[in-house]
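Trainee: Handing you a structure now.
Each value in this text was obtained by applying a stated rule to the coordinates, not by laboratory testing. Everything quoted here is computed from the prediction, not taken from an experiment. Positions of Cβ are generated from backbone atoms using ideal geometry, with glycine treated the same way; all protein chains shown enter the neighbour counts.
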């Protein structure tokens, strides 16, 4: 709508009451804070045509007004304080720290857990871990177009509990977030529970003591490094990217995965080349991969000793049509209209070392698993299309209209076999993890 | 009494500014674009809006649009926006939420 206003065309946008703040904030970030809205009480999704028509009728005056009355500037524009230093007084330092927590919660700057105070000294210690200067901009991070300077990343990293060893990893993660193909605007602001899964490969992850083995995704002391790095990514999305719940993060349910979701690949126990090598990086390189995921399903199997049997079990996780990405390719590809980048929907599998050995002993690598899973993970068209808009499918794939006449035909859950990303993670016992992904993963090298 | 001094974690933002388009003096005789991003239900709202506009304002004509890229939500590219701007006088949009 803002782009049409820029072109001289008056617009008005139907918006549900819950999303009014979000719509104003989003329009403001694109430069037009007063974009006219026709506010309706509920989202149109899951409503009967009659109820939708009723809402449209009651909002009709707003539609007319939006197109004919002058646009009013918003009354107030929210701004964070310009002061780069914040001061909290208390009876003692613990009391002052408590006041800081309370203030950060009130401002929306906290993830809800206690934060480490980002003192100048603590931040300076992190800044010494990179050759970059504090004011160096790493990226502009959407949805709020926040300028991700090295110092702002270091501040948020300190708040998360990070040490100097984490800052180069966080910088790489932020470069992943800002890559146009990531289309973070969509993932940050969605009603879906998009959580950034952070996977680290190479020596810098080991130097940072990231856990790739037992309980790699936490909780607990062995995964402390993982926990704080993943948390720093979330705090950076909030305070640098301006992704704030109820303002620009409209997640319907939320997810514990959004607090922190980070580990390293268990390269030592993998029978295959490391994940980052499979993505074109040198074996001795250090990388960070970020893949936004919606949810996680266990891949449990203590019994199978043949690859095909394991794939059949894995396929049951992949064929969960209640998960938004399943079969989503039928209605198009996630796409950022500005950069014109497109993403296929990927899913990430953390295969435990024991399961990896079952595949490896049979001569299977990633490619064989991907191909077999692509063949096995299918659902009848009638099931796959249950939660998808038929008109969207007709627009995206008019050549597949014939599927409507073959509702029992099995359809693959992803667009192609490479949409299954595979890393080896974890310790003993046959339990892996299947992450229902949102778009494609992005990998960046870790630089000093 | 103790003081805790810390650094502000919130990043400055790149500011954008877009001037709102002039509004129409009347919708009589206007060509109105109805933009739907293909999220479920939005089309029904636009159907009813079109009917109401037809009833109230004589000579209105309508054009339907959706974005040329996307999936659950279809988005307008710059070229889509150029085309829409060349074809209509005003746009009513729905993203269904």
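Trainee: Over the whole of B:29-42, what's the average partner chain Cβ count within 10 Å per residue? Rounded to a whole number, please. Please report the intermediate quantities before stating the final value.
Mentor: Values: counts 0, 3, 0, 2, 3, 0, 4, 3, 1, 9, 5, 12, 13, 6.
What the average comes to for B:29-42 is 4.
Trainee: Taking the Cβ-Cβ separation of residue A:131 and residue A:360 as r and a Förster radius of 41 Å, what is the calculated FRET efficiency to the nearest 0.05? Numbers along the way, then the final one.
Mentor: Details: r = 39 Å, r/R0 = 0.96.
Computed FRET efficiency for residue A:131 and residue A:360: 0.55.
Trainee: Right, next: If each residue's Cβ is checked for other Cβ atoms within 10 Å, how do A:447, A:399 rank with the fewest at the top? Don't skip to the end; give the middle numbers.
Mentor: On the way: A:447 13, A:399 7.
Placing the least packed residue first, the sequence is A:399, A:447.
Trainee: Using a 10 Å cut-off around each Cβ, can you sort A:388, A:204 from fewest to most neighbouring Cβ atoms? Don't jump to the answer; show the numbers that get you there.
Mentor: On the way: A:388 20, A:204 23.
Result, fewest neighbours first: A:388, A:204.
Trainee: How large is the helix-only mean residue ellipticity at 222 nm for chain B, computed as the sum of -39500 (n - 2.57) over DSSP H runs with n ≥ 4, divided by its residue count, in deg cm²/dmol to the nearest 500?
Mentor: -8000 deg cm²/dmol
Trainee: Can I get the semi-axes of segment A:1-117's equivalent ellipsoid? Compute them from the C-alpha gyration tensor as square roots of 5 times the eigenvalues, in angstrom, largest first. Let's see the in-between values first.
Mentor: On the way: eigenvalues 321, 74, 22 Å².
After diagonalising the Cα gyration tensor, the semi-axes are 40, 19, 10 Å.
Trainee: Here's something else I'd like to know. Hey, got the Cα dimensions of chain B along the principal axes, in Å, largest first?
Mentor: Each principal axis gives a Cα extent; for chain B these are 73, 34, 30 Å.
Trainee: A follow-up question, please. Determine the percent antiparallel among the DSSP beta bridges restricted to segment B:4-97, to the nearest 5.
Mentor: Expressed as a percentage, antiparallel bridges in segment B:4-97 total about 15.
Trainee: Return a whole-number percent for the relative contact order of chain A, with Cα pairs under 8 Å and 6 or more residues apart as the contact set.
Mentor: Once divided by the residue count of chain A, the mean separation gives 17 percent.
Trainee: Rounded to two decimal places and with Rh computed the Kirkwood way over Cα pairs, what is Rg over Rh for segment A:2-68? Numbers along the way, then the final one.
Mentor: Details: Rg = 12.5 Å, Rh = 12.5 Å.
Reported Rg/Rh (Cα atoms, Kirkwood Rh): 1.00.
Trainee: Between residue A:206 and residue A:279, how high is the FRET efficiency from 1/(1 + (r/R0)^6) when r is the Cβ-Cβ distance and R₀ = 22 Å? Nearest 0.05. Numbers along the way, then the final one.
Mentor: Details: r = 19 Å, r/R0 = 0.84.
FRET efficiency, residue A:206 to residue A:279: 0.75.
Trainee: Compute the distance in nm between two label points, each set 7 Å from the Cα along the Cα-to-Cβ direction, one at residue A:429 and one at residue A:309.
Mentor: For residue A:429 paired with residue A:309, the spin-label model returns 2.0 nm.
Trainee: Nearest 5 percent is fine: what portion of the DSSP beta bridges confined to the protein assembly as shown is antiparallel? Intermediate values should be presented prior to the final figure.
Mentor: On the way: 40 of 67 bridges.
Here the antiparallel bridges make up roughly 60 percent for the protein assembly as shown.
Trainee: Just want to confirm a number: the relative contact order over segment A:2-68, from Cα pairs under 8 angstrom separated by 6+ residues, in percent. Don't jump to the answer; show the numbers that get you there.
Mentor: On the way: 73 pairs, mean separation 24.5, N = 67.
Computed value for segment A:2-68: 37 percent relative contact order.
Trainee: While we're on this one: Which whole-number percentage describes the relative contact order of segment B:31-94, with Cα contacts under 8 Å and a sequence gap of 6 or more? Don't skip to the answer; put the middle values down first.
Mentor: On the way: 90 pairs, mean separation 33.6, N = 64.
It comes to 52 percent, rounded to a whole number.
Trainee: From the Cα trace of segment A:282-433, what convex hull volume per residue do you get, rounded to a whole Å³?
Mentor: Details: hull volume 21.5 nm³, N = 152.
So the per-residue hull volume is 142 Å³.
Trainee: Per-residue ellipticity at 222 nm for chain A, helices alone: DSSP H runs ≥ 4 residues times -39500 (n - 2.57), over residue total, nearest 500 deg cm²/dmol?
Mentor: Details: 17 runs with 154 residues, N = 448.
Value at 222 nm, helices only: -9500 deg cm²/dmol.
Trainee: Assuming R0 = 22 Å, what is the FRET efficiency of residue A:321 and residue A:405, from their Cβ-Cβ distance, to the nearest 0.05?
Mentor: Working: r = 20 Å, r/R0 = 0.92.
Rounded to the nearest 0.05, the efficiency is 0.60.
Trainee: Identify the residues of segment A:191-221 with backbone N under 12 Å of a label point that sits 7 angstrom from the Cα of residue A:252 along the Cα-to-Cβ direction, or state none.
Mentor: A:191-193
Trainee: Please state the shape class of chain A: rounded when a/c is under 1.5, otherwise prolate if a/b exceeds b/c and oblate if not, all from the C-alpha gyration tensor. Before the final figure, lay out each step's value.
Mentor: Values: a/c = 2.06, a/b = 1.07, b/c = 1.92.
The shape class here is oblate.
Trainee: Between the alpha-carbon centers of segment B:63-97 and segment A:341-406, tell me the distance in whole angstrom.
Mentor: Taking the Cα centre of each part, segment B:63-97 and segment A:341-406 sit 30 Å apart.
Trainee: What ranking do B:19, A:258 get, fewest neighbouring Cβ atoms within 10 angstrom at the top?
Mentor: Ascending number of Cβ neighbours within 10 Å: B:19, A:258.
Trainee: Provide the packing ranking of A:148-158, A:121-131, i.e. peptides ordered by the mean count of other C-beta atoms within 10 Å per residue, highest first.
Mentor: Details: A:148-158: 27.5, A:121-131: 16.7.
Result, highest mean Cβ count within 10 Å first: A:148-158, A:121-131.
Trainee: Also, I was wondering about something else. For peptide A:385-393, how many partner chain Cβ atoms fall within 10 Å of a residue's Cβ, on average? Don't jump to the answer; show the numbers that get you there.
Mentor: Working: counts 0, 0, 2, 3, 10, 1, 6, 10, 2.
Mean partner-chain Cβ count within 10 Å for A:385-393: 4.
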